[in-house]
1. Please go through (1) open to solvent by 90 Å² or more (accessible area, probe 1.4 Å); (2) at pLDDT 90 or above; (3) within 16 Å of the chain's Cα centre (by Cα) for Tyr70 and return the number of the only condition it doesn't satisfy.
2. Which of the residues belonging to the range 52-67 are among the hydrophobic types (A, V, I, L, M, F, W, C) and either more than 24 Å from Asp29 (Cα to Cα) or surrounded by 11 or more Cβ atoms within 10 Å (Cβ to Cβ) (or both)?
3. For residues in the range 83-112 being modelled with pLDDT under 80 and part of a helix (DSSP H, G or I), which is farthest from Gln40 (Cα to Cα)?
4. Within the range 34-47, can one find any residue that is open to solvent by 80 Å² or more (accessible area, probe 1.4 Å) and small (Gly, Ala, Ser)?
Amino acid sequence: GGCVIRAGLLGKIQNAYETNPHLANLMVDPTFASELNERQSAWRRVIGACMASGISCPALNGSLQYYDSYRRGRLPANLIQAQRDFFGGHTYQRLDKEGVFHTTWTDAHKDIGDISSRTAGENVAV
């Protein structure tokens, strides 16, 4: 139905939580996961058509980005760490080695000095 109170979607949500009261996210419920997976290509095509036509669709696009992010084991947080290190010497962690690192990205970074004050409160050993 058209009314939010009578919408068939609410029944599916209720079933998902009755089946698993500790469900962390509806996207991991088998019914919702299957429907999202079946429809993601169309979802992407609609957003692509909107963008190609200059039509803003922030809710559709943002929800797709959330869906894509939720399915990834690793997200681009390391890029953000590297950017913070580049602009302020805040250090970063690597996936291939244990520890905390700082890089002299350019000659201008050679004189950055002691970085321990920049990492205060971050619970990292420099």
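1. (2)
2. Step one: list which residues in the range 52-67 are among the hydrophobic types (A, V, I, L, M, F, W, C), which gives 52, 55, 57, 59-60, 64.
Result: Ala52, Ile55, Cys57, Leu60, Leu64.
3. Out of the qualifying residues, it is Asp111.
4. no
This table checks each residue for (1) within 30 Å of Asp29 (Cα to Cα); (2) β-branched (Val, Ile, Thr); (3) surrounded by 12 or more Cβ atoms within 10 Å (Cβ to Cβ); (4) within 15 Å of the chain's Cα centre (by Cα).
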| position | (1), (2), (3), (4) |
| --- | --- |
| Cys50 | yes, no, yes, no |
| Pro76 | yes, no, no, yes |
| Phe86 | no, no, yes, no |
| Thr91 | no, yes, yes, no |
| Glu98 | no, no, no, no |
| Trp105 | no, no, yes, no |
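The values are calculated or read from the model by the stated rules, or taken from the named source; none is laboratory data. What you see is a predicted model, and the numbers here were worked out from it, not measured in a lab. Counting neighbours? That spans all protein chains shown, and the Cβs are built from the backbone with ideal geometry, glycine included. Surface accessibility is based on the protein's heavy atoms, side chains included, excluding ligands, DNA and RNA. Shrake-Rupley method; radii C 1.70, N 1.55, O 1.52, S 1.80 Å.
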